[in-house]
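The values are calculated or read from the model by the stated rules, or taken from the named source; none is laboratory data. From a predicted model like this one, the values you see are computed outputs, not experimental measurements. Because the Cβ atoms are built from the backbone with ideal geometry, glycine has one as well, and the counts that use them run over all protein chains shown. For the accessible areas, the whole protein counts, side chains as well, though only heavy atoms, and no ligand, DNA or RNA atoms are used. Shrake-Rupley method; radii C 1.70, N 1.55, O 1.52, S 1.80 Å.
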Amino acid sequence: MTENYKLTELSTSHPELHIMVEDCLESTNTSLKCMANRYVDRDVLLIAKSQTGGRGRMGRSFCSPEGGIYMSLLLHPDMRVEESVSITTMAAVAVAEALSDVTDREASIKWVNDVYLDDRKVCGILTEAKACLGTEKPKYVIVGIGVNVTEPEGGFPKEIRDIACAVFEQGKEPSGFKESLVVRIVRRFYEYYNKADKAAHFAEYKRRMSLLGKEIKIIENIFEPDVFEPATAIDIDEKCRLIVKYQDGTIKALSSGEVSIRKN
Ligand code: BTN
C-alpha cells in the first residue's frame, strides 16, 4: 500500500500552488486538461499513486502501477509557445538533480527528456500545451512526470524490461521517500521556472546529457524501429535540438517529436 502524501512543506513554501493527491487516475495529464478551465490563474500540482492509462510521448503508454510517482503541473507561463520546450528541459534537470540528491547516484538525461539511472530509464516526461489562435502565449502548459520508484511486483512488462529501471527493488524503499522526492522536484523546477533567464538550467541540462559524443541510431518512424540512420550526437543547441553528424559528414539539427533516438 502506497504511503499517503502530506506535502505540508510544499504548501508552505509554494502557497500559490494548488495541490491535489488521488489514489488512482487514468492519467494526471488528462485530468489536468479537463480542470484547466477552472484554474486559469493558478498553478496546480496533481499527483496520483497509480494510473490506469498513463500516457507517454509519441502516443506510447506509460506503465503506471503503484510504487511510482505520477504527477503533473498545470502552468501558465509567460513565454511564447515555441519557447515552452524549455519547460520540459527544466523538468528533466529538476528530476535529475532531485534524484541525484536523494540517492547519491548520478542521474543523466537522454535527449530530450528521459531521466536515466545507471544507463536505464527511471523517469519520463510528457509536456502538453494549449495554444490559442491569435496569441503568442500558450493558454496553459501541462508537464507530466512519471518516476519508477519501486520496481513493480513481478518486474516491468517485457516490452520495457531491458530499458527501464526503478530507484529501489521491491521492499527497499525508505519511508517518506516519494514525499521527499516530489518536494525536491517541484522546488527545483520552480527555482528554474521563476528565473528571468529561462535558459539558466541549460548548462546543467547539457552536462547531464548522456548522448553527446556517442554513436546513435536515428529512427524516423517509431513503428519501424529497425529502420535507422547511424550518426554521432555532437551537441544540443539553444532550441534544445540535437545536433547530429551523419556518416557522410552531413550535420543536421533534430527537433524532438520528429525522430526517436537509440544508443548504439
Ligand atoms: C515518456 O516517457 O514517454 C513520457 C512519460 C510521461 C509519464 C507521466 S506520468 C504523469 C503524467 N501523466 C501521464 O499520463 N503521463 C505523464
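Here are the numbers:
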item: Inter-label distance, nm, simple model (7 Å from Cα along the C-beta direction), Glu153/Ser13; result: 3.4 nm
item: Anisotropy class of segment 127-246 from Cα gyration tensor, a/c 1.5 cut; result: oblate
item: Paramagnetic reach from Glu215 in segment 239-254 [backbone N under 13 Å; point 7 Å along Cα→Cβ]; result: 247
item: Accessible surface, segment 104-167, averaged per residue in Å² (probe 1.4 Å); result: 49 Å²
item: Extension gain from Asp162 to Arg60, taking 0.36 nm per residue of separation minus the Cα-Cα distance; result: 35.0 nm
item: Rounded accessible area per residue of segment 213-252, 1.4 Å, Å²; result: 65 Å²
item: At R0 = 35 Å, FRET efficiency that the Cβ-Cβ distance of Phe223 and Ile243 yields, to 0.05; result: 0.85
item: Convex hull per residue volume in Å³, alpha carbons only, for segment 207-250; result: 92 Å³
item: Charge tally in the Cβ shell below 10 Å around Leu17, where Lys, Arg are +1 and Asp, Glu are -1, Leu17 excluded; result: -1
item: Counted charge near Val102, where neighbours are those whose Cβ lies closer than 12 Å (Asp, Glu -1; Lys, Arg +1); result: -1
item: Residue among Val81, Pro174, Pro15 farthest towards the positive dipole end of the chain, charges placed on Cβ; result: Val81
item: Carbon + sulfur, % of accessible area of segment 122-253 - ligands and nucleic acids excluded, 1.4 Å; result: 51 percent
item: Nearest-10 value in Å² for the accessible area of Phe62, using the 1.4 Å probe; result: 40 Å²
item: Local electrostatic count, Arg161, Cβ distance below 11 Å [Lys/Arg +1, Asp/Glu -1]; result: -1
item: Accessible area, probe 1.4 Å, largest first, for residues Arg57, Arg262; result: Arg262, Arg57
item: Reach of Lys49 by Cα under 13 Å, taken over aspartates and glutamates that are not fewer than 8 positions away in the same chain; result: Glu3, Glu22, Asp23, Glu26, Glu66, Glu179
item: Bins of 5 Å from zero: percent of alpha-carbon pairs in the chain; result: 1, 6, 13, 17, 20, 18, 13, 8, 4, 1, 0, 0
item: Rough spin-label spacing in nm, given labels placed 7 Å along Cα→Cβ, for Asp101 and Arg207; result: 1.5 nm
